[in-house]
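The values are calculated or read from the model by the stated rules, or taken from the named source; none is laboratory data. Small disclaimer: the values here were computed from a predicted structure and weren't measured. Reconstructed Cβ throughout: ideal geometry from the backbone, glycine too, with neighbour counts over all protein chains shown. Heavy atoms of the whole protein, side chains included, go into the accessibility calculation; ligands, DNA and RNA do not. Shrake-Rupley method; radii C 1.70, N 1.55, O 1.52, S 1.80 Å.
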Amino acid sequence: MALGFKGEQSILERYERDRASLRLKTMVALGVLLVLVLFSLCTGTSRFGLLYSPLEVVGCYGTWLQLNVVALIDPSVLLHKTELLEQYPMYYEVIARLAYTFITVVCGMLLAVAGMLYQNVFRNPIAAPSMLGVTSGISFGCMMMVWVFGQAAASATFYDLRFAFCFVGGVVVLLIVLALGGLVSGKRTLNMLDVMLVATILTGILNAVINYVVNSVFSDTEWTAYFEVSNVTDLTFTPLSLGVLVVVSLLCCIPVFWTRFQMNAVAFSDQEMRLLGVSPVKLRLIALACGSLMIVVAQTYVGTAAMISLVVPFVSRGIFGAEFRRQAIGNVLIGAIVLLACRILISFIPFVGDGVPLGTMVSLVTLPAFAWVMVVAQRQWNNN
Amino acid sequence: MAKLSLKKTDGVGAAPDKKPAVEAPDYGAAAVPGYRESARDRAAQKEQAGLTEGQGALFAAPDVIDRGPDYGYRRLRLHRKDEVDVYSAQRDRDHRMSSQGRICLGLAVLLVVVFLLAMALPPGVFAFSASETSLATWFASVQHRLGAFFSYITFQGASYSIDYTANRYLIIALGGAALAVSGAVYQGALKNSLASPSTLGVMQGANAGRIVYVLFFYGSSYAGMNELVRASEIREYLSTLSVGEYLMTVYGDSLCCLVGSAVVVVFVLLVSHVSSQRGVSSIVMVITGQIVATLIGAVIAMLQYFFSETGDSRLEVIRSLQVEAFSDTFTMLDVVLAGIPVLLCLVLVLFLGQRLNILAFSEEEARSMGANTTALRWGMVGLCTLLTAVVVAFCGNVGMVGFVVPHVVRRIVGPNFKYLLPASMLAGAVFLVAIYCALSMFGDGVATNIGVFTSLLGGVFFIIVALRQKGDARGAWL
């Protein structure tokens, strides 16, 4: 591609180098993710620090395929089910682990991309963790569930209902925040600062109420049930829940993909965006709606791990660059890597119950990583 | 420049002594409406307007000095009684208190009134006790308690003791003032309207310190002396200790809170200092503070889970620590130990806080105006961190006061720190005292869960004020 001026060669060289480095970074991230996925698939869940050999794991998958896929064609395979399962005593564990790895990877991607969308739209990184009050709404939903059902709320029978409560809680809080923020901004405008202010206040109110109810009103068993419900400490899943996760993720990603070039224009002010032919209101609404939906779904499946939404966009912006598509690739990969790494660590660190909750582990991992990033790499990146 | 003084000239009724050097052109009465040619007509007009002798000086015309046509016009216009003398009105305004100052004074009076009322009102007026089986009995006991209060007020009844109430309300007022002013300073120094005293992780650091105290020092603490059940035995035991041991036993958890806050804040500042190229970046600092705060909250939850699974009795202590505030009985020693640092810091903040106005400019502009932005910003932030840490250490978790009160006050008084700081201080004290008083009327157990109600009421207040002043009000500065 000849540009036709004197500095052309160096620009082309720089462009090629840039593309090559981007490819390299993406490959490295993908490689790390793959390694982590394979490692996670081989981890056992019945006790801490258990690692199965990959051959056994592959054998389990083969058994699953035989029992579920081949059986559709040739049902006689099911007659040998008991013998096949006896061959692999860790069968259910491994299959569950496969589903959970998938959930973790997808939720990590969703959390990171949601954080990126919010940071793009609000241009204020402090707003990211509270997520317009959605996190508090989800916790409120969990609290209501334990209030209504008592300590049985943590059992597997209520697993699907948990999604309903958390989802409704998150969406209701989001709508209240947007409505109040719109009222406070004035007629026919939506000032983001006012929305964030209202969200912070509502979050404070909700958190105080939740804190009071959980610590003062609930009995000990109810407190434990609330803890388990909000942190999703158990590893159950159902086909319905997996299906909902996949469908909602795709639904959220389509508008983001559609506007991936226009999203770069948020670096300008509103007026300049309009001059460029980009509608700031439309982008804001897309980012808000998709980001909030992603957050609600991800936190319903994985518990409150909001730190990923704050730190991972920061990191990926520095590594991959600030352009929207690059940022998106970086966020998707690094978010999945971080959440999966935390999940693996939980399976290897002995603790009571089902292990350290995922949110705590994410915070524990994120803080030193963030400090390292800030201290060492910030100087090279030259951002803000 | 002409003399615009208000001295009673001899212009009224006095005839010019000598003829002017230049013949003044004759405009005639029709040229300027309302102008009367003779002094007699002017006096008649003054009488018509109902002005007394003294006020007539405003309307005195310089018959003696004629400086030309255009100059006289402004003085001539003063003859109309609906005209306003701009200059004297401005001078009057200069000597009057500004409206923001009046608001501050009103808040101070309100604080005194609310404080006295809170101290005098009996606690637990509306409380439900287990012996009251129906609404009628509850109502009767409410009436009885109110009757005792009214007979006290009208000097008919016996006095009832308000032993520790004064100490408690003193600490509450100081705490509310400290939190609110810290919030205002944080929002101004960090130039972010979402900042609050908990931004740098001070409150969570205090929580972490308290948890460490519960984990490691609980057995020897004041509250952990399980076997010494009666208060007299505890007092006996405490009197056998030396001064140092006594302070450690009674105030050990407050000390651990302070240490925890200090550790967290120092860590956050260190990370942001080492990571920035030109001075400390406030965004990095805020994010680090948020991360550390979330981490501490998650670790505390994890610890609670651990205690609940292993059946440890300290779980209840930790659970109550997270929710309760102002739950101790406050002695004079508490007031002195907590109140003196808080008062000193408040006075310092009031005096030094006026310089925060210059931080509204960008970094370069403020520096070019001669302000030492680094020292100013971080000095004030450090002072307010100390304030918040002391308040949380002695009182417990009280959320949202430091966030909401400065916002509401800013929308009423404006962003000028000269008025914002005293106003938010007073408003924070009034807010917390009023809420605690209202809650304590429902019984002791309700008042200690003050965090919920400060959040609720603060949030509602803020939204009401924000809705009433839409768009650009006095406070929209970010």
(message) Out of everything in the range A:206-230 that is within 7 Å of chain B (Cβ to nearest Cβ) and of a type in the set (Ser, Thr, Tyr), what residue ends up being least open to solvent (accessible area, probe 1.4 Å)?
(response) A:Thr224
(request) From A:Phe39, A:Phe48, grab the single residue that is in a loop (DSSP other than H, G, I, E, B) and on the phi < 0 side of the Ramachandran plot. (result) A:Phe48
(request) Please state which of the following conditions B:Ile283 fails to meet, knowing it meets all the rest: (1) away from chain A (no Cβ under 14 Å); (2) under 19 Å from B:Trp378 (Cα atoms); (3) of a type outside the set (S, T, N, Q). (result) (1)
(request) For A:Leu333, state whether it is at the interface with chain B (Cβ under 10 Å from one of its Cβ atoms), under 21 Å from the mean Cα position of the chain (by Cα) and open to solvent by 10 Å² or more (accessible area, probe 1.4 Å). (result) no
(request) Kindly check whether there is at least one residue in the range B:397-419 that is touching a strand residue (DSSP E or B) at 6+ places or on another chain (Cβ under 6 Å) and surrounded by 20 or more Cβ atoms within 10 Å (Cβ to Cβ). (result) yes
(message) Just checking, does the range A:74-81 include any residue being among the β-branched types (Val, Ile, Thr) and surrounded by 15 or more Cβ atoms within 10 Å (Cβ to Cβ)?
(response) yes
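Given the range B:365-478, what helices (runs of 4 or more DSSP H) lie entirely inside it while holding 2 or more residues that are within 14 Å of chain A (Cβ to nearest Cβ) and not charged (D, E, K, R)?
Values: elements: B:373-395, B:401-413, B:417-440, B:444-447, B:450-468.
Ranges flagged: B:401-413, B:417-440, B:444-447, B:450-468.
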(request) Using the structure shown, decide if A:Leu285 is surrounded by fewer than 21 Cβ atoms within 10 Å (Cβ to Cβ), part of a helix (DSSP H, G or I) and within 11 Å of another protein chain (Cβ to nearest Cβ). (result) no
(request) Check whether at least one residue in the range A:58-69 is closer than 22 Å to A:Ala341 by Cα and open to solvent by 40 Å² or more (accessible area, probe 1.4 Å), and report yes or no. (result) yes
(request) Give the residue, chosen from A:Thr189, A:Thr224, that is at pLDDT below 80 and either in a loop (DSSP other than H, G, I, E, B) or touching an Asp or Glu at 6+ places or on another chain (Cβ under 9 Å) (or both). (result) A:Thr189
(request) Say whether the condition of being open to solvent by 40 Å² or more (accessible area, probe 1.4 Å), within 12 Å of chain B (Cβ to nearest Cβ) and at pLDDT 85 or above is met by at least one residue in the range A:363-372. (result) yes
(message) Tell me whether the range A:262-280 contains one or more residues that are open to solvent by 10 Å² or more (accessible area, probe 1.4 Å), outside any loop (DSSP other than H, G, I, E, B), under 25 Å from A:Thr203 (Cβ atoms) and without any contact (Cβ under 8 Å) to a residue 60 or more places away in the chain.
(response) no
(request) Run down B:Val336, B:Val265 and say which single residue is more than 15 Å from B:Val392 (Cβ to Cβ), more than 14 Å from chain A (Cβ to nearest Cβ) and modelled with pLDDT of 80 or more. (result) B:Val336
(message) Here's a check for you: in the range A:312-330, which residue that is in a loop (DSSP other than H, G, I, E, B) and small (Gly, Ala, Ser) is nearest to the other protein chains (Cβ to nearest Cβ)?
(response) A:Ala322
(message) Going by what's in this entry, would A:Gly243 be described as under 24 Å from A:Met116 (Cα atoms) and at pLDDT 85 or above?
(response) no
(request) Determine which member of the set B:Gly297, B:Gly260, B:Gly289 is open to solvent by less than 50 Å² (accessible area, probe 1.4 Å), in contact (Cβ under 8 Å) with a residue 24 or more places away in the chain, more than 10 Å from chain A (Cβ to nearest Cβ) and under 30 Å from the mean Cα position of the chain (by Cα). (result) B:Gly260
(message) Quick check on my filter: what residues within the range B:312-332 are facing chain A (nearest Cβ under 9 Å) and free of Cβ contacts under 8 Å to residues at least 24 places away in the same chain?
(response) B:Leu315, B:Glu316, B:Arg319, B:Ser320
(request) Considering only the range B:311-332, state which residues are among the aliphatic types (A, V, I, L, M) and in a helix (DSSP H, G or I). (result) B:Leu315, B:Val317, B:Ile318, B:Leu321, B:Val323, B:Met332
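Considering only the range A:234-242, I want to know if a residue exists there that is within 14 Å of another protein chain (Cβ to nearest Cβ) and out of contact with any Gly (no Cβ under 6 Å at 6 or more places or on another chain).
Yes, the range A:234-242 contains a residue that is within 14 Å of another protein chain (Cβ to nearest Cβ) and out of contact with any Gly (no Cβ under 6 Å at 6 or more places or on another chain).
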(request) State all residues of the range A:338-353 that are more than 10 Å from chain B (Cβ to nearest Cβ) and either more than 18 Å from the chain's Cα centre (by Cα) or crowded, with 23+ Cβ neighbours inside 10 Å (or both); if no residue qualifies, say none. (result) A:Val338, A:Leu339, A:Cys342, A:Arg343, A:Ser347, A:Phe348, A:Ile349, A:Pro350
(request) Give B:Met203, B:Met248 a once-over and let me know the one that is at pLDDT 75 or above, open to solvent by less than 60 Å² (accessible area, probe 1.4 Å) and either touching a Lys or Arg at 6+ places or on another chain (Cβ under 8 Å) or assigned to a helix (DSSP H, G or I) (or both). (result) B:Met203
